[in-house]
1. Any residue in the range 71-94 that's under 20 Å from I60 (Cβ atoms): show its pairings with residues that are of a type in the set (D, E) at Cβ separation under 6 Å, as long as the two are six or more apart or on different chains.
2. Restricting attention to the range 85-96, does a residue exist that is in contact with a Lys or Arg (Cβ under 9 Å, 6 or more places away or on another chain), open to solvent by less than 40 Å² (accessible area, probe 1.4 Å), of a type in the set (F, W, Y) and modelled with pLDDT of 95 or more?
3. Is it true that A151 is under 22 Å from A62 (Cα atoms), of a type outside the set (S, T, N, Q) and without any contact (Cβ under 8 Å) to a residue 12 or more places away in the chain?
4. What number of residues within the range 98-117 are part of a loop (DSSP other than H, G, I, E, B) and more than 23 Å from Q53 (Cα to Cα)?
5. If I go through the range 97-126 residue by residue, how many of them are touching a Lys or Arg at 6+ places or on another chain (Cβ under 9 Å) and in contact (Cβ under 8 Å) with a residue 12 or more places away in the chain?
6. Can you work out which of the residues in the range 118-165 that are within 18 Å of R3 (Cβ to Cβ) and assigned to a loop (DSSP other than H, G, I, E, B) is least open to solvent (accessible area, probe 1.4 Å)?
7. Cβ-Cβ under 6 Å, sequence separation 6+ or interchain: first residue in the range 49-64 and small (G, A, S), partner open to solvent by 40 Å² or more (accessible area, probe 1.4 Å). Which pairs?
8. Any residue at all in the range 61-75 that is open to solvent by 60 Å² or more (accessible area, probe 1.4 Å), closer than 26 Å to G137 by Cα and not in a helix (DSSP H, G or I)?
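The values are calculated or read from the model by the stated rules, or taken from the named source; none is laboratory data. Every value quoted in this text rests on a predicted model; they were computed, and no experiment measured them. Note that each Cβ is placed from the backbone with ideal geometry, even for glycine, and that neighbours are counted across all protein chains shown. Side chains are part of the model used for accessible areas, which takes the heavy atoms of the whole protein and leaves out ligands, DNA and RNA. Shrake-Rupley method; radii C 1.70, N 1.55, O 1.52, S 1.80 Å.
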Amino acid sequence: FRRKTVDLASDDLKDAQFLYLSGCHDLALAPAAVNALRSFLSRGGTLLIDNCQGLKTFDIAARRELKKVLPQSELKPIAPTHEIFSSYNKISKVTYTPAVQRLNPKLNAPQLEGLNMDGGDLRVIYSPYGLGSGWQGDEHPQGRDYAASDALRLGVNIVTYAMTH
């Protein structure tokens, strides 16, 4: 469970089980990174993509680049009954930052999207709202994020699910 920064285009991912990709801006994966991610996912690795601050620019880029990795696949909302919402914590309701609450005052359920791979397990998990700020204890009221306590609960569930599937 140690954290290690990797370069998808050049680092060996054979021992990795879980990758975390986060960003706020446009990104472009090099062809070598696309191939490495495809291989990582096909051998059972799990990729968590976190839209830091919930920005549209990153959302568009992440979806575009994921299409390069898995052209036949598309992110789909993860059902509220999915095991990821109960793998450790039982999560049916969450709190969002004021920026999200202003845009969607009735939103109180976790919003995650995912891709299932061959065995049916989620191998790509995408959070359209930021998780990382909450994990660091940073308050960004203008960011489109989960509240810190709920970001932590979701993070524990995501990692628990990834390590047990």
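1. L75/E113; P77/E113
2. Initially, the range 85-96 is screened for residues in contact with a Lys or Arg (Cβ under 9 Å, 6 or more places away or on another chain), giving 88-89, 91, 94, 96.
Going one step further and asking which of them are open to solvent by less than 40 Å² (accessible area, probe 1.4 Å), we end up with 89, 91, 94, 96.
Remaining after also requiring of a type in the set (F, W, Y): 96.
Retained after the next criterion (residues that are modelled with pLDDT of 95 or more): 96.
Yes; the residues of the range 85-96 include at least one that is in contact with a Lys or Arg (Cβ under 9 Å, 6 or more places away or on another chain), open to solvent by less than 40 Å² (accessible area, probe 1.4 Å), of a type in the set (F, W, Y) and modelled with pLDDT of 95 or more.
3. Numbers: under 22 Å from A62 (Cα atoms): yes; of a type outside the set (S, T, N, Q): yes; without any contact (Cβ under 8 Å) to a residue 12 or more places away in the chain: no.
No: the conditions fail for A151.
4. Going residue by residue through the range 98-117, those that are part of a loop (DSSP other than H, G, I, E, B) are 104-112, 117.
Going one step further and asking which of them are more than 23 Å from Q53 (Cα to Cα), we end up with 117.
The number of residues fulfilling the criteria is 1.
5. Residues that pass the stated criteria total 12.
6. Only one residue fits best here, namely L131.
7. Pairs that qualify, where the first residue is small (G, A, S) and the partner is open to solvent by 40 Å² or more (accessible area, probe 1.4 Å), are G54/Y129; G54/R144; A61/D26.
8. Restricting attention to the range 61-75, the residues satisfying the condition of being open to solvent by 60 Å² or more (accessible area, probe 1.4 Å) are 63-64, 67-68, 71-72, 74.
Adding the requirement that they be closer than 26 Å to G137 by Cα leaves none.
Checked against the condition, which is being open to solvent by 60 Å² or more (accessible area, probe 1.4 Å), closer than 26 Å to G137 by Cα and not in a helix (DSSP H, G or I), the range 61-75 yields no hits at all.
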